[in-house]
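Visitor: I have a structure here, written as structure tokens, and I will follow up with some questions on it.
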Amino acid sequence: MAVTTIGAGAVKPKVSGDERMMRVGIVVIGLFLLIGLLLPLYAMMSKSFQDSDGNFIGLANYAEYFSTPALFFSIYNSLTVSVLATVITISFAFVYAYALTRSCMPFKGVFRAIALIPILAPSLLPAISLVYFFGKQGIIKSWLFGESIYGPIGIVIGEVFWTFPHAMMILVTALSITDARLYEAAAALRTSKIRTFFTVTLPGAKYGVISAIFVVFTLVFTDFGVPKVIGGQYNVLSVDIYKQVIGQQNFEMGAVVSVVLLIPAVISFTIDRIVQRRQVALLSARAVPLEPKPNRTIDTSMLIVCGIIAFVIVSIIVMAGYASFVQFWPYNLNLVLSNYDFDVMDGGGWDSYTNSIQMAAWTAVIGTAFIFTGAYLVEKGQGFKKGRTVIHFLAILPLAVPGMVLGLSYIFFFNHPDNPFGFIYHTMAILVVVTIAHFYTVSHLTAVTALKQMDPEFEAVSASLKVPFYKTFWRVTVPVCMPSIINIAVYLFVNAMTTVSAVIFLYAPDTTLAAVAVLNMDDAGDIAPAAAMAMLIFATNAVLYSIYSLGTRGLQARTQAWRKR
Amino acid sequence: MTTAMQDSPGHESAGTKTYLRIDDLTKNFGAFTALRDVSLEIYEGEFVCFLGPSGCGKTTLLRCIAGLDYQTAGRIAQGGTDISALPPSERDFGIVFQSYALFPNLTVQKNIAYGLENRKVGKADTERKVAELLELVGLEGQGPKYPAQLSGGQQQRVALARALATSPGLLLLDEPLSALDARVRVHLRHEIRQLQERLGVTTIMVTHDQEEALTMADRIVVMNHGVIEQIGTPTEVYGTPKTAFVADFVGTMNFMPGTAAGAGRVRLGTVELNCAAMNGISEGTPVTVAVRPEDFVVRCTDGANGNAFEAEIDDMEFLGSFYRAELKVPGMGESRIVVDLSVNAVRDLELAGGRSLPVAVPSDHILVFPAD
């Protein structure tokens with residue numbers, strides 16, 4: 001094979017065994033996202049152009065939709081509550097995040113923990129709690145001056161509670177990354193505090209605020225739990241899908257509403273992506289972190305505001321918890337355990353709770369392994385650039401797809417008689433698949449962020465040492481990223497426990513889930529047992545989260561010993 | 001398999017064997033050409049530095065040799081085998097990166113043993129080899145520590161030991177000293193060079209630091225804009241730079257605009273000087289004349305065959321072991337020249353700002369380049 005002629009021909013690199021394995025991995029991940037996301041969405045969209053017999057009828061369904069005021073008026077309703085809830089949530093969350101990052105307010109740790117509480121509960125829980133506060137027999141019903149909680153007021157309050165931690169976390173991150181020298185420069189130039197706030201603080205946090213706005217808007221716009229419980233006659237899009245599909249068995253109209261719901265979500269998602277790309281690193285390597293200085297006036301007022309917000313959050317949880325033990329609200333306030341006797345009620349009984357635990361565990365284990373490996377292949381793979389780019393795009397996409405839409409899409413796709421994957425329909429497997437697909441994006445981005453912090457040359461070094469990539473992946477990448485991996489697993493578990501929208505169309509009689517049971521019991525008028533089940537979900541997640549928080553400290557000490565100097 | 005190598009005009013005459021041979025290597029990143037027709041031979045056991053400013057293509061060339069990037073065209077042969085298309089895992093090299101890329105969760109020992117464990121080397125042999133390497137890089141007893149517990153210089157040595165553990169035929173160093181502070185850097189330069197000589201491993205180091213290249217390399221490959229400007233020993237590159245770029249990049253250089261005055265003479269304003277080599281530039285052509293600050297002579301300028309001119313000291317900077325002076329030359333207009341003056345010359349001749357003095361340049365230290 002002596003090469004005697006030195007040609008200038010293009011070099012065709014030989015594909016190594018490592019690379020071949022990576023390509024196979026990328027194809028596998030790609031297939032999952034194709035089957036778990038793209039094809040179902042396609043099935044759903046094509047359904048919106050068909051009649052009930054499957055004949056193509058063009059835009060007839062859409063024409064019908066827009067000529068039915070009861071239906072298309074929901075768009076207006078959904079937008080109204082979304083805008084209101086977004087404005088309120090962002091305002092509260094900004095003050096809260098500002099207090100946590102830029103003031104010397106005491107008890108910051110406690111406040112931070114309290115703000116995260118809503119994440120651990122299904123969105124049904126605040127709605128149920130609001131019924132006990134402001135419902136027909138609510139204890140402070142009079143505070144609404146005769147207005148009904150069932151409608152936009154209830155939805156907005158419930159959504160503000162439920163989306164608060166999401167906004168707060170984004171804003172805390174945005175406000176944490178700043179350079180103290182900017183403030184020193186402003187002070188040296190004798191800039192007033194107010195002017196500094198508008199010229200330094202706000203511009204620095206701008207992208208965080210924009211991102212939080214889009215995240216909250218999308219969450220509210222697509223949420224199902226809160227409006228289902230407390231929406232009353234006030235129709236919103238996600239509840240319309242449910243009514244069309246479950247109530248009227250009109251799948252085609254359900255598909256049309258899904259498309260209507262999907263479009264703003266995709267637009268909001270796209271704008272957010274574009275804005276994120278504009279974000280330049282504010283924090284150079286030499287930036288000096290900002291240490292807030294004590295200021296009596298600011299610290300005290302922050303403490304008061306945060307105290308009120310935290311009090312409201314805690315009381316919403318406490319009310320649901322209290323109500324779940326009350327024998328017969330509001331006539332017999334004896335505390336009993338009878339509401340936890342789920343087996344005598346509709347909704348699946350205790351089995352639905354164990355099913356949920358099982359489903360969440362599978363989602364956490366399989367989902368984490370799968371998503372992290374996928375992120376690794378996208379981030380660290382060599383060659384096959386097209387494949388990796390496609391996967392990265394597909395991995396970001398689920399964030400734009402509302403759970404209801406995904407769930408309905410799964411019916412159309414997996415329940416199709418010709419689908420070879422049809423066998424997973426009505427099993428635990430489809431619930432796990434839909435949940436992984438639904439929560440793919442955040443997990444993927446967490447993994448990518450962790451992987452980006454790894455030295456890009458690890459793979460090159462192991463190739464030079466002739467160590468196959470999977471060995472380095474297992475011995476170095478996974479251990480180093482362990483905190484993020486556990487973080488992903490906890491995120492998936494918590495969300496699998498609380499999600500309703502993605503699974504509401506997909507559970508079978510023997511795979512009922514706890515969050516769905518909350519909904520069904522509430523539907524049947526068993527509000528106290530619904531509160532009890534919601535509290536059970538919350539308690540499970542809270543226990544897991546506490547173990548996680550305490551455990552990471554212990555784990556950090558053992559597996560991350562190398563981090564110490 | 002080796003016929004191709006033997007066909008080439010042999011460097012055997014130099015008593016050395018070609019180990020790595022690069023032919024017409026071109027690398028494009030989209031529309032950008034990072035390397036253009038680079039050809040180069042590296043001999044067995046040699047220490048070669050790729051030197052150039054950032055973006056000159058030196059790192060790209062190293063990555064092509066390692067297989068971490070693939071050239072668009074051209075060929076690389078190592079030990080007589082064409083490796084152009086092989087993935088890194090099928091090539092024979094050890095590599096040290098600027099970031100060291102030590103596995104943070106593995107101890108020093110395990111880092112060094114990382115490549116050995118995969119070669120079915122027995123446990124006892126591995127341990128012996130690791131101990132040997134630790135001693136070689138002067139880190140005895142540091143084996144059980146984690147990388148983060150070591151200083152930058154120590155981490156660098158661990159990276160070196162890890163790269164050498166599998167006894168590769170070629171050692172690649174990608175700016176290995178840039179992340180260290182000046183003192184450690186000077187010390188490690190010396191150590192790496194000694195280690196390389198002891199092991200006799202063919203080594204390529206990428207650097208942008210000319211001092212590093214001058215002190216460490218057997219030969220320096222000076223690169224700019226994706227092409228090789230000059231290949232030569234440190235003395236050649238410093239003393240007889242082939243291009244104005246090399247003259248400027250390596251060391252300090254005075255550049256003066258002038259005209260070729262025919263037959264080994266150049267004119268700088270009203271001053272005319274003899275120079276040894278004209279590089280075939282014809283009379284009347286504008287040229288750039290280059291002289292190193294230390295090549296000007298201020299003592300005994302009478303015997304300089306007329307290669308002397310009057311100058312006035314404008315400014316003097318004391319740099320400890322010598323003075324760096326800026327001189328005005330009345331015959332050369334506005335341009336200043338930089339001249340290094342020894343401390344004793346300054347003392348003996350009582351030199352100070354404002355003083356005029358004759359300055360001479362030996363004709364063989366005047367470099368003439370075509371003006372650009």
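Visitor: Considering only the stretch B:86-113, state which residues are under 11 Å from B:Val158 (Cβ atoms), buried (at least 22 other Cβ atoms within 10 Å of the Cβ) and either more than 7 Å from every other protein chain (Cβ to nearest Cβ) or in contact with a Leu (Cβ under 7 Å, 6 or more places away or on another chain) (or both).
Guide: Result: B:Val96, B:Tyr100, B:Leu102, B:Val108, B:Asn111, B:Ile112.
Visitor: I'm checking my understanding of the structure. Among residues of the stretch B:121-150 that are part of a loop (DSSP other than H, G, I, E, B) and among the β-branched types (Val, Ile, Thr), which one is farthest from the other protein chains (Cβ to nearest Cβ)?
Guide: Taking the stretch B:121-150 first, the residues part of a loop (DSSP other than H, G, I, E, B) are B:121-122, B:137-146, B:150.
Applying the additional criterion that residues be among the β-branched types (Val, Ile, Thr) yields B:121, B:137.
On the way: B:Val121: 12, B:Val137: 17 Å.
The residue in question is B:Val137.
Visitor: Can you find, within the stretch B:17-54, the residue that is farthest from the other protein chains (Cβ to nearest Cβ) among those that are free of Cβ contacts under 8 Å to residues at least 12 places away in the same chain and assigned to a strand (DSSP E or B)? Talk me through it step by step, then tell me what you get.
Guide: If we filter the stretch B:17-54 for residues that are free of Cβ contacts under 8 Å to residues at least 12 places away in the same chain, which is where we start, we get B:29-32.
Restricting the remaining residues to those that are assigned to a strand (DSSP E or B) gives B:29, B:32.
Details: B:Phe29: 13, B:Phe32: 17 Å.
The extreme case among them is B:Phe32.
Visitor: Please count how many residues of the stretch B:315-325 are part of a strand (DSSP E or B) and surrounded by fewer than 16 Cβ atoms within 10 Å (Cβ to Cβ). Before the answer, list the steps.
Guide: Of the stretch B:315-325, the ones part of a strand (DSSP E or B) are B:315-318, B:322-325.
Still in the list and also surrounded by fewer than 16 Cβ atoms within 10 Å (Cβ to Cβ): B:315, B:317-318.
Qualifying residue count for the region: 3.
Visitor: Report whether or not B:Ile95 is assigned to a strand (DSSP E or B) and in contact with a helix residue (DSSP H, G or I) (Cβ under 6 Å, 6 or more places away or on another chain). It would help to see each step written out before you state the result.
Guide: On the way: assigned to a strand (DSSP E or B): yes; in contact with a helix residue (DSSP H, G or I) (Cβ under 6 Å, 6 or more places away or on another chain): yes.
Yes: the conditions hold for B:Ile95.
Visitor: When the stretch A:47-71 is examined, which residues are found to be free of Cβ contacts under 8 Å to residues at least 40 places away in the same chain, under 20 Å from A:Val405 (Cβ atoms) and in contact with a strand residue (DSSP E or B) (Cβ under 9 Å, 6 or more places away or on another chain)?
Guide: Residue satisfying the conditions is A:Phe49 alone.
Visitor: Here is a follow-up. Modelled with pLDDT of 85 or more and not assigned by TED's automatic domain parsing to the domain that holds A:Leu519, is that true of A:Leu399?
Guide: Details: modelled with pLDDT of 85 or more: yes; not assigned by TED's automatic domain parsing to the domain that holds A:Leu519: no.
When the stated conditions are applied, A:Leu399 does not pass them.
Visitor: I'm checking my understanding of the structure. Among residues of the stretch B:151-170 that are within 10 Å of chain A (Cβ to nearest Cβ) and part of a helix (DSSP H, G or I), which one is surrounded by the most Cβ atoms within 10 Å (Cβ to Cβ)?
Guide: B:Arg162
Visitor: Do the conditions hold for A:Ser48, that is, is it surrounded by fewer than 17 Cβ atoms within 10 Å (Cβ to Cβ) and at pLDDT 90 or above?
Guide: Working: surrounded by fewer than 17 Cβ atoms within 10 Å (Cβ to Cβ): no; at pLDDT 90 or above: yes.
Criteria not met by A:Ser48.
Visitor: Output the number of the condition that A:Phe372 fails; it satisfies all remaining conditions of (1) modelled with pLDDT of 95 or more; (2) outside any helix (DSSP H, G or I).
Guide: (2)
Visitor: Which one is surrounded by the most Cβ atoms within 10 Å (Cβ to Cβ), of the residues in the stretch B:70-85 that are in contact with a strand residue (DSSP E or B) (Cβ under 7 Å, 6 or more places away or on another chain) and more than 8 Å from chain A (Cβ to nearest Cβ)? Break it down stepwise before answering.
Guide: At the first step, the residues of the stretch B:70-85 found to be in contact with a strand residue (DSSP E or B) (Cβ under 7 Å, 6 or more places away or on another chain) are B:71-79, B:82-84.
Checking which are more than 8 Å from chain A (Cβ to nearest Cβ) leaves us with B:76, B:78-79, B:83.
Numbers: B:Ile76: 25, B:Gln78: 21, B:Gly79: 18, B:Ile83: 21.
Residue satisfying both the conditions and the ranking: B:Ile76.
Visitor: Same structure again: Working only within the stretch B:319-344, note down all residues that are of a type in the set (A, V, I, L, M) and in contact with a helix residue (DSSP H, G or I) (Cβ under 7 Å, 6 or more places away or on another chain).
Guide: So in the stretch B:319-344, the residues of a type in the set (A, V, I, L, M) come out as B:319, B:325, B:327, B:329, B:332, B:337-339, B:341, B:343.
Within the stretch B:319-344, B:Val338, B:Val339 meet the criteria.
Visitor: Report the residue count in the stretch B:1-19 for those that are closer than 28 Å to B:Thr215 by Cα and either among the hydroxyl-bearing types (Ser, Thr, Tyr) or modelled with pLDDT of 95 or more (or both). Before the answer, list the steps.
Guide: Filtering the stretch B:1-19 down to residues closer than 28 Å to B:Thr215 by Cα leaves B:10-19.
Filter again for either among the hydroxyl-bearing types (Ser, Thr, Tyr) or modelled with pLDDT of 95 or more (or both), leaving B:13, B:16, B:18-19.
Number satisfying all stated conditions: 4.
Visitor: Right, here's the next one. List, please: which pairs have Cβ atoms under 7 Å, are six or more places apart or on different chains, and start with a residue in the stretch B:125-137 that is basic (Lys, Arg) and end with one that is buried (at least 16 other Cβ atoms within 10 Å of the Cβ)?
Guide: Going by the 7 Å Cβ cut-off, the qualifying pairs are B:Lys129/B:Leu116; B:Lys129/B:Ala165.
Conditions tested, residue by residue: (1) surrounded by fewer than 20 Cβ atoms within 10 Å (Cβ to Cβ); (2) without any contact (Cβ under 8 Å) to a residue 60 or more places away in the chain; (3) not in a helix (DSSP H, G or I).
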{"residue": "B:Leu180", "(1), (2), (3)": "yes, yes, yes"}
{"residue": "B:Gln196", "(1), (2), (3)": "no, no, no"}
{"residue": "B:Ala213", "(1), (2), (3)": "no, no, no"}
{"residue": "B:Val221", "(1), (2), (3)": "no, no, yes"}
{"residue": "B:Gln230", "(1), (2), (3)": "no, yes, yes"}
{"residue": "B:Glu236", "(1), (2), (3)": "yes, yes, no"}
{"residue": "B:Phe245", "(1), (2), (3)": "no, yes, no"}
{"residue": "B:Gly251", "(1), (2), (3)": "yes, yes, yes"}
{"residue": "B:Val266", "(1), (2), (3)": "no, no, yes"}
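Condition check ((1) within 14 Å of another protein chain (Cβ to nearest Cβ); (2) in a loop (DSSP other than H, G, I, E, B); (3) among the small types (Gly, Ala, Ser)) across all residues:
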| residue | (1), (2), (3) |
| --- | --- |
| A:Arg20 | yes, no, no |
| A:Gly36 | no, no, yes |
| A:Glu64 | no, no, no |
| A:Leu71 | no, no, no |
| A:Thr86 | no, no, no |
| A:Phe94 | no, no, no |
| A:Ala97 | no, no, yes |
| A:Leu100 | no, no, no |
| A:Phe111 | no, no, no |
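Visitor: Follow-up. From (1) crowded, with 23+ Cβ neighbours inside 10 Å; (2) over 28 Å from B:Val137 (Cα atoms), pick out the condition that doesn't hold for B:Phe50.
Guide: (2)
The values are calculated or read from the model by the stated rules, or taken from the named source; none is laboratory data. Small disclaimer: the values here were computed from a predicted structure and weren't measured. All Cβ positions, even for glycine, are placed from backbone atoms using ideal geometry, and neighbour counts span all protein chains on display.
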